[in-house]
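Here the structure is laid out as structure tokens; the discussion comes afterwards.
Values quoted throughout were computed directly from the atomic coordinates according to the rules given, and no laboratory measurement underlies them. Treat the numbers as computed from the prediction; the structure is a model and nothing was measured. A quick note on method: Cβ atoms are made from the backbone with ideal geometry, for glycine too, and the neighbour counts reach across all protein chains shown.
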Amino acid sequence: MKKYRWLPILLIINLCFGGLRVASAVQDSNNPNAAPKISKRTIRQAGAIFDAQRAFEILKKQCEFGPRPPGSPAHRETQNYLFTELKKYADNVQLQPHQYKTNGITLQLNNILAEFGQSSGETLLLAAHWDTRPFADRDPKQENQDKPILGANDGASGVAVLLEIARILKQNPPPRRVIIVLFDGEDYGRSVDNMFIGSRFFAQNLGKWRPDYGILLDMIGDKDLSIPIERYSWEANREFTELIWNRAASLGLEPFQQRLGAAILDDHVPLIRVGIPMVNIIDFTYPYWHTVEDTVDKCSPKSLEVVATLVLSIIYDGL
Ligand SMILES: [Zn+2]
């Protein structure tokens with residue numbers, strides 16, 4: 001992801017339509033004809049069965065493949081691992097292949113999509129990126145800046161939470177349709193032209209995968225977790241974004257800070273641009289961002305659990 005201070009005008013226009021859509025999504029959840037809500041008690045049970053240690057093992061497993069930039073053997077191995085894991089928990093798991101040409105190279109990319117719960121109706125998207133950055137361009141040591149990053153936090157953390165949630169979704173069918181999408185090619189390029197490749201492709205080819213609203217997880221494994229409100233999410237859909245952070249407060253999840261943070265270009269922006277309300281849950285204070293120090297020891301199971309608790313609440317109790 002990348003930090004930007006100003007919104008493009010086109011984005012602002014699209015954001016207005018996004019705001020309208022979230023109002024209807026909220027309204028739907030209050031509709032007595034909508035899918036019945038399950039009890040708070042059930043949410044607590046679902047939260048209680050989030051196995052933070054198992055999620056952390058999934059984070060570590062991804063890192064054991066090594067850096068996972070597109071085109072590398074580790075990228076292909078990781079794709080196979082994630083696809084196989086999701087197949088254990090969802091009947092409908094698909095690769096969404098797409099090619100991307102840049103600088104004379106053709107990248108073979110794959111988003112990984114999985115569907116849970118009802119096959120139609122209100123649809124919640126949960127997303128993270130599974131690729132890692134090919135170069136540690138923020139590393140303080142110049143000799144490291146062309147090396148690929150391990151991406152324990154920047155990549156593996158969001159995927160780890162979603163894979164553990166996939167297990168819970170299998171055991172506790174959700175009262176709404178939930179789709180998990182693992183984006184490829186998020187962190188590929190040196191410029192934003194060559195980033196968010198998978199999410200841009202997904203946003204332009206939604207078809208039956210079109211969600212009503214969604215949550216993006218990125219860099220949520222930091223031991224020292226701090227998650228202010230991401231500004232693009234808030235500018236696009238204030239009501240929706242505030243509902244999410246208010247829920248975090250009501251659940252007592254202290255790392256979620258009730259203040260506006262930076263605007264961060266990330267995989268949620270292509271979806272916002274096509275009118276889908278999205279929040280980006282991201283800790284952008286991570287000191288090891290885009291360095292070779294983004295390693296497992298900087299992350300913690302507890303941080304994964306904090307974020308998962310909020311996501312499970314949205315899954316099972318709605319907005
Ligand atoms: Zn990154």
Inset, instruction - Work out from phi, with θ = phi - 60° and the Karplus expression 6.51 cos²θ - 1.76 cosθ + 1.60, the ³J(HN,Hα) of each residue of segment 56-70, listed in order in whole Hz, and give x for Gly and Pro. - result: 5, 4, 5, 4, 5, 4, 4, 5, 5, 5, x, x, 10, x, x
Inset, instruction - Could you calculate the contour length gain from Val192 to Asn80, that is, 0.36 nm times the residue separation minus the distance between their Cα atoms, to one decimal place in nm? - result: 37.6 nm
Legend entry - Cα gyration tensor, segment 193-289 - rounded (a/c under 1.5), prolate or oblate: oblate
Inset, instruction - Grab the other residues whose beta carbon is less than 9 angstrom from that of Lys223, score K and R as +1, D and E as -1, and report the net. - result: -1
Legend entry - For segment 269-282, 3J(HN,Hα) per residue [Karplus equation, 6.51 cos²θ - 1.76 cosθ + 1.60, θ = phi - 60°, Hz, x = Gly/Pro]: 5, x, 6, 4, 5, 9, x, 9, x, 9, 10, 9, 8, 8
Legend entry - Built amide H within the under 5 Å cut-off of Phe135, gap 5+: Ile149
Inset, instruction - Could you please report the charge total around Trp234, scoring K, R as +1 and D, E as -1 over all other residues with beta-carbon less than 13 angstrom from its beta-carbon? - result: -1
Legend entry - Sites Lys60 and Asn103 - FRET efficiency at Förster radius 41 Å, r taken between beta-carbons, to 0.05: 0.80
Inset, instruction - Quick one: grab the alpha carbon gyration tensor of segment 67-222, order the square roots of its eigenvalues as a ≥ b ≥ c, and give me rounded if a/c is under 1.5, else prolate or oblate depending on whether a/b is larger than b/c. - result: prolate
Inset, instruction - Collect residues whose amide H, placed 1.01 Å from N in the peptide plane, falls under 5 Å from the amide H of Leu126; neighbours closer than 5 in sequence don't count. - result: Ile179, Ile180, Val181, Ile215
Inset, instruction - Could you calculate the FRET efficiency of Gln142 with Thr285 from 1/(1 + (r/R0)^6), where r is the beta carbon distance between them and R0 is 25 Å, rounded to 0.05? - result: 0.60
